[in-house]
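To start, the structure itself, in structure tokens.
A short reminder: the numbers here are calculations on the coordinates, not readings from a lab. No experiment lies behind these values; they were computed from the predicted model shown. Note: ideal-geometry Cβ built from the backbone for every residue, glycine included; neighbour counts use all protein chains shown.
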Amino acid sequence: MNVLHITTRKAWIDATRAAAYSAPSLEDEGFIHASTLKQVLPVAARFYRGQTGLVLLEIDPARLSSDLKWEPPTGGPLPGVPERDAFPHIYGPINLDAIVQVLDFEADANGDFSLPPALTAGR
């Protein structure tokens, strides 16, 4: 199962120039936050409301050169996600060849996010 990471288009462009993706949380918390397909919309609603210029990175864990661990959410349970759900945390930069798809991820006029059709087609 692939995992997802929400970031800005600028951060993605910077990653393509640097040949790896990183996030501020890697330095601050020691890992990069990621989500499953079922977790990403509650994460977006909680942490990205009102932001624009976002993209979703779809990551193949089998291609990661950094460790991926499934752990409880930092900061406690997240509304809309079962309390027992573990979240994928990536302990290092994300090598670009592990990113299998980059998708626009913009909220609608009401500020609500929805999954890009490319993520739900055929699943």
Provide the descending list of Cα extents for the range 3-114 along its principal axes, expressed in whole angstroms. 35, 32, 24
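How would you order 3-12, 66-75 from highest to lowest mean count of nearby Cβ atoms within 10 Å?
By packing density, highest mean first, the sequence is 3-12, 66-75.
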Could you list the residues of the range 1-30 with an amide nitrogen less than 12 Å from a label point located 7 Å from the Cα of residue 74 in the Cα-to-C-beta direction? 23-30
Tell me what the chain gives for mean residue ellipticity at 222 nm when only DSSP H runs of n ≥ 4 count, each as -39,500 (n - 2.57), the sum divided by the residue total, rounded to 500 deg cm²/dmol. -5500 deg cm²/dmol
